[in-house]
Amino acid sequence: MAATSKALPLLQRRAPSGIIRWLTTTDHKDIGIMYIITSILFFGVGGIEALIIRIQLARPENTVVTPEAYNQIFTMHGTTMVFLFGMPILIGIANYMVPLMIGARDMAFPRLNALSFWTLVLGGVIMYSSFLLGGAPDGGWFAYAPLTTKAYSPSHGMDFWALGIIVTGIGSIAGAINLVVTILNMRAPGMTLFKMPLFVWQMLVTAFLLLFAIPSLTVDSILLFLERNFSAPFFAANAGGDPLLWQHLFWFFGHPEVYILILPAFGIMSEVVPVFSQKPIFGYRAIVYSGILIGFLGFGVWAHHMFAVGMSPVADAIFSLSSMLIAIPTSIKIFSWIGTMWGGSLRFQTPLLYAIGMIAMFLIGGLSGITVAIVPIDLQVTDTYYVVAHFHYVLFGGTVFAAFAGIYYWFPKWTGKMLSETLGKWQFWIMLIGFNLTFMPMHLLGMDGMPRRVYTYGSGLGWDIWNELETIGSFIIAIAILIFIWNVVISMIKGKTAGNDPWDGFTLEWTTSSPPPRYDFAKIPTVHSLRPLWDQKHGADGNMPTETPKATARTEASLRPAITAADVAVAAAQIHMPAGSWAPLLLATGITILCYGMIYGVALAAAGIILSLASVIYWTWQKV
Amino acid sequence: MKPETRLPNFIRYAGVLMAVAALLAAAGCSGLPAMLKPASENASSIANLIWVTFGIAAVVFVIVEGVLMLTIARYRNKPGAGMPRQSTGNTAVEIAWTAIPAIALAVVFALTLGTLNYLTTAPTWAKGASPTQHVNVRIIGHEWWWEIQYPDLGITTANEIHVPVGADVSFKIESTDVIHSFWVPQMGGKTDAIPGHINNSWWHVTEAGRFTGQCAEYCGTEHALMRLVVYADPPDTFNAWMANQKSPPLATDKLAPDEKLGQQIVMTHACTACHYIQGTKAVGRIGPDLTHFASRSTFAGASFENHGVNVGAWVYDPQKMKPGNKMPGLGLSLAEAQMVAVYMESLK
């Protein structure tokens with residue numbers, strides 16, 4: 001104890017407290033937490049936008065919002081949920097968990113990691129500031145040209161959108177490089193690729209998807225900005241451009257994006273399901289290979305968003321086939337999770353409830369996904385509420401349910417407190433009911449001819465009752481989310497203390513304290529199997545007696561050999577961890593000022609460039 | 001005691017959910033959605049594919065969700081049962097659950113190719129086929145209305161398409177501004193109207209009736225009010241409609257006095273810069289052709305019923321009924337707007 005308290009001043013000198021700590025942090029855990037909090041805030045904003053959409057559509061010919069406002073709101077709902085909630089929550093969880101799961105002490109590039117986060121925040125700020133600066137983006141999250149060119153969207157909204165997308169894209173690409181390097185280079189001794197936890201595997205594939213997909217969107221956004229502000233006719237048909245150029249570049253990003261949003265969710269599932277089944281994952285390699293296959297196939301399906309644009313029948317058929325092929329690796333994963341539960345000993349704690357909910361809901365989205373891969377059916381249902389139903393079953397039923405499984409699973413590690421099981425279960429059932437009430441009738445509306453993105457619809461079409469039910473459903477979802485937030489607050493205040501390993505976990509993150517120290521592991525563990533912690537506790541066959549305190553003590557000691565107070569002191573004093581730095585935040589701010597300068601004039605742009613260059617120089621020379 | 005009471009609860013919740021889902025499905029089936037009430041060969045080929053695919057999907061759904069529920073029910077942990085067997089996979093099972101979806105998808109893909117081939121093989125007709133056998137229609141998307149031309153028949157109209165039952169209809173689909181998508185669910189799938197592109201589509205119309213559709217690609221402020229109507233007419237009705245559309249409107253001297261007043265207002269205001277009315281000074285081609293305006297049941301992107309009150313209100317303040325549309329207010333008094341409406345309703 002004496003040694004520990006002596007070490008503390010050292011720690012404190014390194015890590016400033018209060019707001020400065022958060023602004024300058026390079027700790028992957030701090031950055032992960034900031035990612036998660038930011039994305040949940042944006043989830044709230046996107047959710048409120050969704051509720052406004054649902055209020056407007058609750059009745060035919062409703063006039064709660066103007067057509068212009070409605071179009072801005074659905075544009076920002078989609079943009080927010082994809083770029084400012086979906087990606088960041090998954091990247092945030094990965095940021096926190098990947099180093100811990102592979103036995104590393106941080107990400108490979110801690111300051112780059114901070115830069116990724118700040119570009120996300122400021123990219124979001126750029127997009128949302130447009131509401132105060134003359135009009136929000138109103139071209140849809142897919143921003144099809146020529147509707148988004150100056151002639152048809154004269155406010156600065158789409159400029160802010162394009163710049164915000166470019167800035168968050170910088171962060172995504174940097175984050176992807178960071179993940180790839182971290183995962184490939186910083187695994188604990190003995191952790192071969194095939195002893196890597198499946199969440200880490202799916203994040204590795206996701207990082208490669210980000211690397212190859214995001215540039216296409218960045219290029220597209222730059223072209224749009226040039227066309228809007230410098231009359232470069234990339235998309236204007238009457239000046240020799242082609243509107244379809246936008247679509248090809250957008251969807252070359254846009255479909256891999258779907259896998260960027262779902263593969264990490266698959267990873268979370270593949271961690272949660274085995275732990276709560278008390279059994280190894282069924283078909284580990286099949287899940288790895290199917291993830292890689294989805295990654296590759298994901299780049300060959302983009303034009304299935306474009307069956308109605310008038311491609312050749314041969315192109316239609318090829319993209320239809322590649323899209324259907326995705327169903328095979330995806331179903332392998334679903335079956336593997338069920339196979340993992342089959343014969344297990346299921347503990348129905350909240351993480352498993354969300355995981356089961358994910359399987360049940362994602363299956364529906366997967367099946368409707370096959371129907372939209374079928375060209376003739378897609379020609380009917382594309383751009384209708386059927387597609388809205390489909391991707392919400394995939395992204396809400398899939399990604400959001402899995403993200404909640406992950407949050408309930410890892411919250412104890414992040415905070416040292418357990419979330420309330422009772423509130424968690426209430427949230428689950430309310431959300432499941434609200435979700436189905438909101439999105440199930442949309443299948444029917446789409447098939448009955450209700451297009452997407454309409455601010456109103458006529459009465460007497462038979463759509464009224466379904467729209468009303470959907471609106472009720474959306475508020476039930478909102479109640480579930482409020483219960484979640486209450487759960488977080490109340491659990492932080494008086495939640496049960498978690499301890500290192502509250503779920504009888506398998507993997508390395510459960511061997512360190514909750515929350516982990518700055519250096520994650522006082523001693524880097526050596527890995528011999530897929531379930532290092534489990535095998536230590538129970539033996540590879542699960543037959544080692546676990547009930548006796550003696551056995552528990554023995555196993556804990558053997559995985560974290562001789563971690564004494566003295567060790568902790570030595571670790572705190574001697575393990576070199578990167579210091580905090582202002583450089584990432586300053587660089588992100590410089591880039592942001594440059595973006596506003598792109599709209600408001602050269603002087604501002606020059607200030608942005610100077611600040612950016614200065615922060616790069618500071619970054620380079622700063623000792624860490 | 002507690003574990004035993006929780007198990008049936010869990011199943012009961014799932015049961016309630018399934019019952020709700022079944023109710024929803026039943027309610028949905030009581031009136032089939034538009035896509036499953038086809039009025040053309042094309043839509044019915046797609047409807048058939050939907051039925052088959054949904055059938056296969058339903059089987060998969062029931063099996064997978066069933067096994068999931070069974071797993072949940074069977075493998076709940078029981079106190080004192082010890083650790084389950086730590087199996088890590090089963091090659092035979094894994095091969096089976098890879099192969100079976102692959103086979104099912106191969107079947108679905110074969111069906112897809114068949115229907116796709118049918119839909120993309122437009123019938124060819126020699127020039128000079130009678131309009132009740134084959135008719136060419138040019139569809140031009142505008143923000144936010146549809147221009148409809150029959151190039152062989154010399155007819156131009158807006159938002160309402162008349163087609164003869166039993167005929168093949170060939171479409172050329174274009175846009176003058178942004179991307180729109182031409183869609184009438186009971187007739188067939190969507191075809192995008194893209195600036196700089198001319199896309200083709202075709203229908204073989206089988207059922208008479210009035211069918212609604214609307215622009216399916218988000219195209220700006222009034223995307224929601226860019227609707228269209230299809231009248232599938234028996235051949236005689238179609239011929240009568242065609243004859244009427246080809247004939248000029250009433251000459252000015254045959255108009256009733258109040259209609260004549262309305263006409264004067266139209267001809268002395270900006271209306272003529274954008275709209276075309278055959279035989280008058282109105283020669284604009286920006287907005288809808290109004291020559292036979294009163295023969296249409298709707299106006300302004302098929303969004304409002306075409307009667308004097310609506311038309312008068314529209315002319316008085318077009319931005320109130322459809323905010324953002326391209327027609328500016330003309331500064332007419334209410335009385336003048338009503339007179340214009342009277343004239344418009346004479347353009348049969």
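Coordinate-derived values only; no laboratory data. Owing to the predicted nature of the structure, the values given are computational and were not obtained by experimental measurement. Every residue, glycine among them, receives a Cβ derived from its backbone with ideal geometry; neighbour counts consider all protein chains shown.
Put in order of Cβ neighbour count within 10 Å, fewest first, the listed residues B:VAL62, A:VAL454, A:VAL570 become B:VAL62, A:VAL570, A:VAL454. The HN-Hα couplings worked out from phi for the stretch A:511-526 by the Karplus form 6.51 cos²θ - 1.76 cosθ + 1.60 (θ = phi - 60°) are 8, 9, 6, 10, x, x, x, 3, 8, 6, 10, 5, 10, 5, x, 9 Hz, whole numbers, x standing for Gly and Pro. Averaged over the residues of peptide B:97-108, the number of Cβ atoms from other protein chains lying within 10 Å of each residue's Cβ is 5.
Shape class for the stretch B:162-230, computed from the alpha carbon gyration tensor (a ≥ b ≥ c): oblate, with a/c not under 1.5 and a/b at or below b/c.
Note on A:THR63, A:THR592, A:THR148: ascending count of other Cβ atoms within 10 Å places them as A:THR63, A:THR592, A:THR148, the fewest first. When the square roots of the Cα gyration tensor eigenvalues are ordered a ≥ b ≥ c, the ratio a/c for the protein assembly as shown is 1.5 or more and a/b exceeds b/c, which makes its shape prolate. If you fit an axis through the alpha-carbon atoms of helix A:464-494 and take the longest principal axis of the Cα set of chain A, what angle between them do you get, 0 to 90°, nearest 10? Its long axis makes an angle of about 30 degrees. Loop-resident trypsin sites (Lys or Arg not before Pro) (DSSP state other than H, G, I, E or B) in the stretch B:81-142 with no more than 16 further Cβ atoms inside 10 Å of their Cβ: B:ARG85, B:LYS127.
A helix-only calculation puts chain B at -13500 deg cm²/dmol for mean residue ellipticity at 222 nm, using -39500 (n - 2.57) for each DSSP H run of at least four residues, averaged over all residues. First select every other residue whose beta carbon is under 13 angstrom from the beta carbon of A:ILE281; then total the charges, Lys and Arg +1, Asp and Glu -1. Surrounding charge for A:ILE281 is +3. Over the Cα atoms of the stretch A:130-263, the radius of gyration divided by the Kirkwood radius equals 1.11; this is the Rg/Rh ratio. Just checking the listed ones, B:ARG227, B:ARG74, B:ARG296: in the Gaussian network model of chain B with Cα springs under 10 Å, the one fluctuating most is B:ARG74. Taking Lys and Arg as +1 and Asp and Glu as -1, the other residues whose beta-carbon sits under 11 Å from that of A:ILE214 total -2. Counting Cβ atoms of other protein chains within 10 Å of each Cβ in B:120-131 and taking the mean gives 1. For the residues of A:439-452, the average number of beta carbons from a partner chain within 10 Å of their own beta carbon is 6. Think of it as helices only: each DSSP H run of n ≥ 4 in chain A is worth -39500 (n - 2.57), and spread over all residues that comes to -22500 deg cm²/dmol at 222 nm. For chain B, the extents of the C-alpha atoms along the principal axes are 99, 51, 36 Å, listed from largest to smallest. The modelled label-to-label distance between B:GLN278 and B:ALA243, using points 7 Å beyond Cα along the C-beta direction, is 1.4 nm. Count Lys and Arg as plus one, Asp and Glu as minus one, and take only other residues whose Cβ is under 14 Å from that of B:SER181; the net charge is then -3. Kirkwood-type hydrodynamic radius, the stretch A:296-386: 14.9 Å, calculated from all non-identical alpha-carbon pairs. For the stretch A:436-493, the alpha-carbon radius of gyration amounts to 1.53 times the rule-of-thumb value 2.2 N^0.38 Å expected for a compact globular protein. Could you tell me whether the stretch B:205-280 comes out rounded, prolate or oblate from its Cα gyration tensor? Rule is a ≥ b ≥ c as square roots of the eigenvalues, rounded for a/c under 1.5, then prolate if a/b exceeds b/c, otherwise oblate. Here the stretch B:205-280 falls in the oblate category.
Peptides B:313-322, A:291-300 ordered by packing proxy, namely the average of other Cβ atoms within 10 Å per residue, highest first: A:291-300, B:313-322.
Compactness of the stretch A:230-388 was expressed as the Cα radius of gyration divided by 2.2 N^0.38 Å, which yields 1.26. Could you give the distance between the Cα centres of the stretch B:35-111 and the stretch A:404-434, to the whole Å? The two parts, judged by their Cα centres, are 29 Å apart. Each listed q (0.12 Å⁻¹) maps to a log10 I(q)/I(0) for the stretch A:348-443 from the Debye sum over equal C-alpha point scatterers, namely -0.43. For the protein assembly as shown, the antiparallel share of DSSP beta bridges with both residues in that region comes to about 70%.
Note on the stretch B:213-348: Lys pairs 8 or more places apart or on different chains, Cα atoms under 25 Å apart, count 12. Of all lysines in the structure, the ones whose alpha carbon falls short of 22 Å from that of A:LYS413, not counting any fewer than 8 places away in one chain, are A:LYS29, A:LYS195, A:LYS279, A:LYS425, A:LYS494, A:LYS496, A:LYS523, A:LYS537. Using Cα atoms only, what is the angle between the long axis of helix B:2-30 and the major principal axis of chain B, expressed in degrees (0 to 90) to the nearest 10? Its long axis makes an angle of about 30 degrees. Overall, the protein assembly as shown carries a charge dipole of about 3540 debye about its Cα centre when +1 sits on the Cβ of Lys and Arg and -1 on the Cβ of Asp and Glu, all other atoms neutral.
The alpha carbon convex hull volume per residue for the stretch B:38-77 rounds to 40 Å³.
Subtracting the Cα-Cα distance of B:GLN264 and B:ALA129 from their residue separation scaled by 0.36 nm leaves 44.4 nm.
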